[in-house]
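Here the structure is laid out as structure tokens; the discussion comes afterwards.
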Amino acid sequence: MSQKSTKPAKESKNYQAMLEEVESIVTSLGSEKIDLDDMVKKVEHGYELIKTMRARLEDTRQKIETLRESFSPQDKNASDDEE
């Protein structure tokens, strides 16, 4: 069983798929033939996607920072000694 099946549907989407969906929403909002209620739903959904994407970016940034710190303590100490 894959890990994706154990995550909520919202979390299983990859970043690229969410970005494409946001782009699709923006394109559809440019249409003159959109119902006001549909527009509001699409805007709400778009903002939820963007919020999820931002959170995922922040989580990724933190993971990368943690990895960087875990792999560079010797390098950091060596550069401190050189100064």
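The values are calculated or read from the model by the stated rules, or taken from the named source; none is laboratory data. This structure is a prediction, so every number in the text was calculated from the model and none was measured. Every residue, glycine as well, gets a Cβ built from its backbone with ideal geometry; the counts of neighbours run over all protein chains shown.
Key figures
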quantity: Residue count, region 3-41 (criterion: part of a helix (DSSP H, G or I), surrounded by 10 or more Cβ atoms within 10 Å (Cβ to Cβ) and at pLDDT 85 or above); calculated: 17
quantity: Near pairs, Cβ below 8 angstrom, 6+ apart or cross-chain, from region 25-54 (more than 20 Å from LYS13 (Cα to Cα) and free of Cβ contacts under 8 Å to residues at least 60 places away in the same chain) to any residue that is among the aliphatic types (A, V, I, L, M) and surrounded by fewer than 14 Cβ atoms within 10 Å (Cβ to Cβ); calculated: SER28/ILE34; LEU29/VAL43; MET39/LEU29
quantity: Test: residue in region 51-69 that is of a type outside the set (Asp, Glu), surrounded by 10 or more Cβ atoms within 10 Å (Cβ to Cβ) and modelled with pLDDT under 90; calculated: no
